[in-house]
């Protein structure tokens, strides 16, 4: 019986897809984002995919570019392909959607994040300039 079980498990594992050893972008928390921003300042494109009203209310990180996730596919040309991208929204859900779209179109996304925790930790936020 043990021999049959071992054979069954071995055969089952062989059917599983091979794991890609290449690490992909990850969802980062506020502390990891701050560390990344301090270490790699200016070396990436910071994309905030929330609606403009959300950014007016809460703010975003310095240097952000706002393209709402619903407009992203039509505005891809505004994002440089030569720079790695960090994608942000409020909690991280829309950032994940944006990450998938960007990667499908050949962009290198190094991280996705939500900025609610960033705000809760009282890390610096900037608001859009009033027109």
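Worth a mention:
- Filtered residues of region 72-101 (kept if touching a strand residue (DSSP E or B) at 6+ places or on another chain (Cβ under 8 Å), farther than 22 Å from residue 53 by Cα and without any contact (Cβ under 8 Å) to a residue 40 or more places away in the chain): 80
- Residues in region 1-33 that are within 28 Å of residue 70 (Cβ to Cβ) and either modelled with pLDDT under 80 or not in a strand (DSSP E or B) (or both): 24, 25, 29, 30, 32, 33.
- Of all residue pairs spaced 6 or more apart or on separate chains, those with beta-carbon atoms under 9 Å, a first member in region 104-131 that is at negative phi and loosely packed, with under 15 Cβ neighbours inside 10 Å and a second member that is modelled with pLDDT of 95 or more and part of a strand (DSSP E or B) are 108/85; 126/60; 127/60; 128/60; 128/66.
- Residue that is surrounded by the fewest Cβ atoms within 10 Å (Cβ to Cβ) [pool: residues in region 40-68 that are in a helix (DSSP H, G or I) and touching a residue at least 60 places away in the same chain (Cβ under 8 Å)]: 52
The values are calculated or read from the model by the stated rules, or taken from the named source; none is laboratory data. Keep in mind that what you see is a predicted model, and the values were worked out from it rather than measured. Cβ: placed from backbone, ideal geometry, glycine included. Neighbour counts: every protein chain shown.
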